[in-house]
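Asks: Mind looking over this structure? Questions follow.
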Amino acid sequence: MDVVVTGRHCELSERFREHVADKLGRLEKHDHRIMRVQVEVENERNPRQSDRAVRIELTAYSKGPVIRAEAAAVDKMGALDLAVDKMAAQMRRANDRKVRAHRTRPATSELPLVEPESSDDDAVPQRKVASMTVTGDGPPVVREKVHAAKPMTLDQALYEMELVGHDFYLFLDQESHRPAVVYRRRGYDYGVIALDVNGTR
């Protein structure tokens, strides 16, 4: 398993890098398919966030889906421990769910990304926030991610949600061909919200 460690606004010693590789090696017992783990360490420059001074994001690439976990703490060691524990818990939950379901993952095909249509409405106020243009008076979007849409079953969406460790997961339903969100309610109870893009309901 390859481990790639990068730092933002901070210096990382060789000793810390070795400690990270040793710590992440323990994840292989939960998922032996892991090929590479990317570790991003970032120092929080805001002094008011001293209890979350260091944020670590882990991204594990394997023959299966990508697994992510992040955590923040006072120092690098604390943040690393929390992030690794989160990732291990996500792997355990996903494996437990797979065993309970007794189903195999369906094959999926990639769909092309659809670029959103740009608006030519000059009446709507716009302003720059960092490198982004914010439209309207609402709160600025500070983080944006775009992913390729993969048609999948509800069961697969639940599996993917467990792996990324979120309380919700946006996906394209394989049966209805509608955008949908599955979300965690309590324990292993889940809810689903779907969009009727054709306006038939």
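Every read-out reported here was derived from the displayed coordinates using simple, explicitly stated rules and does not represent laboratory data. Keep in mind the model is a prediction, meaning the values are calculated, not measured. Every residue, glycine as well, gets a Cβ built from its backbone with ideal geometry; the counts of neighbours run over all protein chains shown.
Asks: Cα convex hull of the range 2-101: mean projected area in nm², to one decimal?
Replies: 6.5 nm²
Asks: Using Stokes-Einstein with the Kirkwood hydrodynamic radius over Cα pairs, what translational diffusion coefficient do you get for the range 146-201 at 20 °C and a viscosity of 1.002 mPa s, in µm²/s rounded to a whole number?
Replies: 184 µm²/s
Asks: A follow-up question, please. Indicate, rounded to the nearest 5 percent, the antiparallel portion of the DSSP beta bridges found entirely in the range 2-101.
Replies: Within the range 2-101, antiparallel bridges account for around 70 percent of the total.
Asks: Can I ask one more? What FRET efficiency would be calculated for the residue pair ASP51, GLU175, taking the C-beta separation as r and a Förster radius of 45 Å, to the nearest 0.05?
Replies: Given R0 = 45 Å and the Cβ-Cβ separation, E is 0.50.
Asks: Taking amide H positions as placed 1.01 Å from N in the peptide plane, with prolines and chain starts having none, which residues 5 or more places from ARG178, or on another chain, fall under 5 Å of its amide H?
Replies: ASP173
Asks: Now, a different point. Using the structure shown, select from LYS23/LYS145; LYS63/LYS86; LYS23/LYS150 the pairs with a Cα to Cα distance greater than 22 angstrom.
Replies: Exceeds cut-off: LYS23/LYS145; LYS23/LYS150.
Asks: How much length is gained if the chain between ASP96 and SER13 is pulled fully straight, taking 0.36 nm per residue apart and subtracting their Cα-Cα distance, in nm to one decimal?
Replies: Going from the current span to full extension adds 26.2 nm.
Asks: Amide H to amide H, which residues 5 or more places from THR153 or on other chains are under 5 Å from it, using H placed in the peptide plane?
Replies: GLN174
Asks: Set the Förster distance to 41 Å, then compute FRET efficiency between LYS86 and VAL197 from the Cβ-Cβ distance, nearest 0.05.
Replies: Computed FRET efficiency for LYS86 and VAL197 comes out at 0.75.
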